[in-house]
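Trainee: Take a look at the following structure, please.
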Amino acid sequence: MMESRFARIAWSRSMENASSRGLCVSCRSKAAIPARLAIVARNQRCNMSTEAAPPKFPFSRPSGAVPPLEYAKLRATNPVSRVTLWDNSQPWLVVKHKDICSVLTDPRLSKERTRAGFPEMNPGGKEAAKNRPTFVDMDPPDHGRQRNMVASLFTRESSETMRPHIQATADALLDEMIKQGCEKRVDLVEKFALPLPSYIIYGILGVPKEDLAYLTECNAVRSNGSSTAAAASNANKELLDYIGNLADKRLEKPGNDMISKLVVEQLKPGHIDRLDVIQIAFLMLVAGNATLVNMISLGIVTLLQHPKQLADLKANPSLAPKFVEELCRYHTASAMATRRVAKEDIMLGGHLIKAGEGIIAATQSGNRDEDIFPNPDVFDMHRTRGSEVALGYGYGEHVCVAEGLARTELEVVFSTLFRRLPNLKLGIPLSEVKYSPPDADVGITELPVVW
């Protein structure tokens with residue numbers, strides 16, 4: 001309050017001084033902007049010199065899938081504030097929905113991870129940032145140019161044409177589960193949540209059916225969090241090598257798939273090179289896969305925690321789209337991905353963010369913003385306000401390119417699963433469900449069930 005009061009006084013005085021010099025209103029405003037930024041910067045430096053070090057980030061979930069408690073406190077008291085990362089850098093953390101949307105649409109902020117000041121969440125991320133980027137880490141116009149190479153394959157319309165195939169894949173996996181029975185508890189992640197989205201994206205990429213199981217195993221080792229670092233690294237290399245070999249085959253004999261499309265339309269004319277093909281295909285293979293696996297598992301647990309809404313969904317499977325929208329609001333699976341760095345000085349929430357300073361837009365917090373979502377900590381698939389602006393798939397030009405496909409897959413899952421397995425329940429106490437580490441994106445690593 002004191003800081004903003006001083007800033008307003010200084011602003012007013014600068015206006016008076018400009019007026020005495022005979023400047024017009026427009027000129028007065030422009031003349032005062034640098035002075036105002038300087039005042040805010042000076043006040044911020046004074047505050048930083050007297051305040052304690054910013055809190056460590058990422059925050060930890062208190063239990064299960066419950067978001068970190070710090071988010072609610074910051075939304076109420078300090079929605080734009082500094083945090084401290086593993087490398088002692090101090091980017092800005094933004095926790096209110098409106099400010100997050102502003103960050104994710106501001107052209108003065110960059111997604112390029114090689115820029116000084118871009119916030120990396122761990123040493124592995126810092127190292128990965130040195131690799132050749134794909135469109136998710138590019139700014140316009142490069143971002144749009146590369147994204148458009150694959151975007152047409154993932155529109156909602158294109159995804160709807162795949163719904164019968166997605167349905168058939170889900171039914172085949174459930175048929176196999178039912179055939180094997182559940183005398184012993186069945187890990188639903190291993191038998192259903194992981195293979196379903198994997199098989200769908202592999203089909204889009206053009207992976208032969210005989211290789212599906214092998215690639216799914218590699219992907220599981222790479223991403224399940226329980227593998228050793230060496231095993232995960234080896235699995236990562238195997239996936240990259242496999243995609244490279246497949247790209248070479250498609251160069252000789254193209255098919256009707258995404259890798260063939262990249263090879264024929266982009267590689268052969270010289271718009272991109274072989275490494276670009278591999279990187280883009282690898283991105284599509286792994287980026288959304290883990291997110292969908294987690295959302296399927298989290299959705300099952302959430303329904304079992306809310307028996308009335310589960311009963312509603314069983315009685316009326318057409319409610320699946322509404323359930324999916326609320327699920328993606330309530331559980332923000334990719335909470336650490338929306339980061340930027342300022343290319344020039346900007347004002348946000350009354351704070352001066354200087355060029356070269358990082359910003360973390362906490363979409364998980366934005367999806368629990370009381371100003372947008374009534375009773376935000378309550379799961380309600382019948383919600384009538386707010387779901388249309390949820391940040392489950394990101395926001396702005398970097399919104400998830402496969403958003404349409406993800407929605408379609410989740411809708412098929414939750415209109416099918418409890419119809420085929422109406423007595424599905426956890427095979428362990430809820431308190432024993434294994435979640436991802438509390439300071440990582442929320443997910444479930446293993447889900448034993450019976451039916």
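Trainee: What net charge do the residues around ARG108 carry, taking every other residue with its C-beta under 10 Å from that of ARG108, with Lys and Arg at +1 and Asp and Glu at -1? Please list the in-between numbers first.
Mentor: On the way: positive: ARG340, LYS343; negative: ASP106, GLU344, ASP345.
Around ARG108, the surrounding residues sum to -1.
Trainee: Let me ask something additional. Rounded if a/c is under 1.5, else prolate if a/b beats b/c, else oblate: with a ≥ b ≥ c from the C-alpha gyration tensor eigenvalues square-rooted, which is region 261-414? If you can, show how the numbers build up before the last one.
Mentor: Values: a/c = 2.82, a/b = 1.26, b/c = 2.25.
Because a/c hits 1.5 or more and a/b fails to exceed b/c, region 261-414 counts as oblate.
Trainee: Report the gain in length on full extension from ARG145 to CYS182: 0.36 nm times residue separation, minus Cα-Cα distance, nm rounded to one decimal. Provide the component values of the computation, followed by the final result.
Mentor: Working: separation 37, 0.36 × 37 = 13.32 nm, distance 4.88 nm.
Gain on extension, ARG145 to CYS182, equals 8.4 nm.
Trainee: Return the whole-Å distance between the Cα centroid of region 254-270 and the Cα centroid of region 341-416.
Mentor: Result: 33 Å between the Cα centres.
Trainee: Would you work out which of LEU410, ILE346, HIS398 lies farthest towards the positive end of the dipole of region 338-435, given +1 charges on the beta-carbon of Lys and Arg and -1 on that of Asp and Glu, about the Cα centre?
Mentor: So the residue furthest toward the plus end is LEU410.
Trainee: Using +1 on the beta carbon of Lys and Arg, -1 on that of Asp and Glu, and nothing else charged, what's the dipole of region 62-450 about the Cα centre, debye to 20?
Mentor: Numbers: 45 positive and 49 negative charges, 45 e Å.
My answer is approximately 220 debye.
Trainee: For the charge dipole of the chain, defined by +1 on Lys and Arg C-beta atoms and -1 on Asp and Glu C-beta atoms about the Cα centroid, which residue among PHE192, SER152, PRO79 has the Cα displaced farthest towards the positive pole?
Mentor: PRO79
Trainee: Over the chain, what is the mean sequence separation of C-alpha contacts under 8 Å (at least six apart), divided by residue count, expressed as relative contact order in percent? Don't skip to the end; give the middle numbers.
Mentor: On the way: 620 pairs, mean separation 107.1, N = 451.
The normalised contact order for the chain reaches 24 percent.
Trainee: Now for a different question. What does the charge dipole of region 334-426 about its Cα centre add up to, to the nearest 20 debye, if the Cβ of each Lys and Arg holds +1 and the Cβ of each Asp and Glu holds -1? Before the final figure, lay out the partial values.
Mentor: Details: 11 positive and 13 negative charges, 88 e Å.
In debye, rounded to 20, region 334-426 gives about 420.
Trainee: For region 398-448, what is Rg from Cα atoms divided by 2.2 N^0.38 Å, rounded to two decimals? Show your work: numbers first, answer last.
Mentor: Working: Rg = 14.5 Å, N = 51, 2.2 N^0.38 = 9.8 Å.
With N residues counted in region 398-448, Rg over 2.2 N^0.38 Å equals 1.48.
Trainee: I'd like the orientation of helix 403-420 relative to the chain: the angle between its Cα long axis and the longest Cα principal axis, in ° from 0 to 90, rounded to 10.
Mentor: 50
Trainee: Okay, next question. Could you list SER81, SER318, SER297 so that the one with the fewest beta carbons within 10 Å of its beta carbon is first and the one with the most is last?
Mentor: Values: SER81 16, SER318 9, SER297 24.
Ranked by crowding around the Cβ, least crowded first: SER318, SER81, SER297.
Trainee: Residues with amide H under 5 Å of LEU93's amide H, sequence separation 5 or more or different chain, H placed in the peptide plane at 1.01 Å from N; which?
Mentor: Excluding prolines and chain starts, which carry no amide H, the hits are SER81, ARG82, VAL83, ILE360.
Trainee: Here is a follow-up. Take every DSSP beta bridge with both residues inside the chain and express the antiparallel ones as a percent of the total, to the nearest 5. Don't skip to the answer; put the middle values down first.
Mentor: On the way: 17 of 22 bridges.
Around 75 percent antiparallel, to the nearest 5.
Trainee: Would you mind counting up the charge near TYR214? Only other residues with Cβ under 13 Å from its Cβ, with Lys and Arg at +1 and Asp and Glu at -1. Present the calculation step by step, with values, prior to reporting the outcome.
Mentor: Values: positive: LYS209, ARG222; negative: GLU210, ASP211, GLU217, GLU238, ASP241.
For residues surrounding TYR214, the net value is -3.
Trainee: Follow-up question, since we're still on this one. Between VAL389 and GLU265, what is the label-point separation in nm under the 7 Å Cα-to-beta-carbon projection?
Mentor: Result for the modelled spin labels: 3.4 nm.
Trainee: Moving on. Assuming a ≥ b ≥ c are the square roots of the Cα gyration tensor eigenvalues, decide whether region 137-291 counts as rounded (a/c under 1.5), prolate (otherwise, with a/b larger than b/c) or oblate.
Mentor: prolate
Trainee: Next question, about the same structure. Under Stokes-Einstein, with the Kirkwood radius over Cα pairs standing in for Rh, what whole-number D in µm²/s applies to the chain at 37 °C and 0.692 mPa s? Could you put the intermediate results ahead of the total?
Mentor: Working: Rh = 24.0 Å.
Answer, rounded: 137 µm²/s.
Trainee: Further question: Using the Karplus equation 6.51 cos²θ - 1.76 cosθ + 1.60 (θ = phi - 60°), what ³J(HN,Hα) coupling, rounded to whole Hz, does each residue of region 251-263 give in order, writing x for Gly and Pro?
Mentor: 5, 7, 9, x, x, 10, 8, 5, 5, 4, 4, 5, 5
Trainee: Got a sec? How would GLU411, GLU344, GLU252, GLU446 order by Cβ neighbour count within 10 Å, fewest to most? Can you show the working numbers first?
Mentor: Details: GLU411 22, GLU344 11, GLU252 7, GLU446 16.
Ranking GLU411, GLU344, GLU252, GLU446 by Cβ neighbours within 10 Å, fewest first, gives GLU252, GLU344, GLU446, GLU411.
Trainee: For a Förster distance of 41 Å, can you work out the FRET efficiency between the beta-carbons of LYS308 and ASP106, rounded to the nearest 0.05?
Mentor: Numbers: r = 41 Å, r/R0 = 1.01.
Once rounded, the FRET efficiency stands at 0.50.
Trainee: Compute the signed sum of charges (Lys and Arg +1, Asp and Glu -1) over the other residues within less than 11 Å, Cβ to Cβ, of ASP87.
Mentor: Numbers: positive: LYS126; negative: GLU120.
Result for the local shell: 0.
Trainee: Exposure proxy check: ARG420, ARG113 ranked by fewest other beta carbons within 10 Å? List each step's numbers first, then the result.
Mentor: On the way: ARG420 15, ARG113 20.
Ordered from fewest to most neighbouring Cβ atoms within 10 Å, ARG420, ARG113 come out as ARG420, ARG113.
Trainee: Against the longest alpha carbon principal axis of the chain, how many degrees, from 0 to 90 and to the nearest 10, is the axis of helix 274-305 turned?
Mentor: That works out to roughly 80 degrees.
Values quoted throughout were computed directly from the atomic coordinates according to the rules given, and no laboratory measurement underlies them. Quantities reported herein were computed from a predicted structural model and do not represent experimental measurements. Don't worry about glycine lacking a Cβ; one is built from the backbone with ideal geometry, like all the others, and counts go over all protein chains shown.
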